[in-house]
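Report on one structure; see the data block that follows.
Since every read-out is calculated from the coordinates, none of them should be taken as a lab result. Predicted model, so just to flag it, every value in this text is computed and none were measured. Here Cβ is always computed from backbone atoms with ideal geometry, including for glycine, and neighbour counts include all displayed protein chains.
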Amino acid sequence: MNDSRAGTIFLEDAEVLDNVEHPGEQWIMRLRAPRIAAAAEPGSFMHVRCDTGLPMRRPMSVMRADRDQGWVEILFKVVGTGTRLLAGRGPGERLSALGPIGHGFEPSPERPRALLLGGGVGIPPMIFLADHLRADPRYRPLVLMGSEVAFPFDVRSSRIPVPGIAATTDACLTLLDEWGVPSRLASLQGYPGCHSGFVPDLARAWIDSLDADARAEVAIFACGPTPMLRACAELAASCELPCQLSLEEHMACAVGGCAGCVVPVRTADGVAMRRVCVDGPVFDGATVIWG
């Protein structure tokens, strides 16, 4: 691995502090991992060993990190053997965690209206980024999230108005509302207060409501399933907005050695293959070549 951040990736014997189940076989796990917590940035991820009997690790986006208390949180959905084993881990147990890995999001004060779009298990990086941006008064983030299973968070009717989005679309994540960060939810499942449709469509409605000066302040940040990310990239291109996407790919080593997670991107020298783990996971949406 030839990477300038090699000295900031740590291998920790992380202690499980909490592991809470939510609807749809979704879990939020809090781990004591002080070195990872201190170095984690929005968009970075961890490579976690789910069980000592399962050698292959699983990549997990960092959802929250507390540098002072030394903990990180991850959100995962049970989809196979590894995540099912991870769901069975309880407080006091330890698991091997490698991280933080990857290039994260890079917001710019020149684009203070940060539009954060998350779908499914792509929601965690958006929460981390929202937490990061709310601490900087230069930014005005708006978070739009979608899920086709119940959201693994406390949800309520928002107390923060969002001009440009229908008043009937008022469901939000309570955590973000309490932070003072406006958020809205989307789903096709008929959940109360949610936009009936996809996140990129809700984002377009909001963008279309802005005047030229306000639109010039918008930048898109997104993480989620590939079809959603492609739609976000197309939305950004059609609206002439910068867009940063956190890609999801299967990974083996997660530190750039196996090249098992490469994706094609456009560069000044032509098309090149880039590793999602260490060259990403965040890429300029305008450069990604979709299959």
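Per residue, the Cα convex hull of segment 104-187 amounts to 90 Å³. Between the Cα long axis of helix 123-134 and the first principal axis of the chain there is an angle of about 70°, rounded to the nearest 10. Phi-derived couplings, Karplus 6.51 cos²θ - 1.76 cosθ + 1.60 at θ = phi - 60°, listed residue by residue for segment 36-53: 5, 4, 6, 9, 5, 10, x, x, 7, 9, 10, 10, 10, 8, 6, 7, 4, x Hz, with x used for Gly and Pro. Here's how it looks for Ala252: its modeled amide H is under 5 Å from those of Gly260, which are all 5 or more places away or on a different chain. Taken over the Cα atoms of segment 6-101, the convex hull encloses 87 Å³ per residue. When the helices of the chain are scored as -39500 (n - 2.57) per DSSP H run of n ≥ 4 and the total is divided over every residue, the value at 222 nm lands at -5500 deg cm²/dmol. Under 5 Å between amide hydrogens, built in the peptide plane, is the criterion, and for Val143 it picks out Leu116, Ser183, Arg184 among residues at least 5 positions away or on other chains. Listed values for segment 173-184 are Karplus-derived 3J(HN,Hα) couplings in whole Hz (6.51 cos²θ - 1.76 cosθ + 1.60, θ = phi - 60°), namely 7, 4, 4, 5, 4, 5, 6, x, 9, x, 9, 9, and x replaces Gly and Pro. The local environment of Gln244, defined by Cβ-Cβ distances under 10 Å, has a net charge of -2 under the rule Lys, Arg +1 and Asp, Glu -1. Here Ser187, Ser147 are placed in order of increasing Cβ neighbour count within 10 Å, fewest first, which gives Ser187, Ser147. Shown here: segment 41-90, whose C-alpha atoms stretch 32, 21, 18 Å along the first, second and third principal axes, sorted largest to smallest. Each part reduced to its alpha carbon centroid, segment 184-214 and segment 106-144 end up 16 Å apart.
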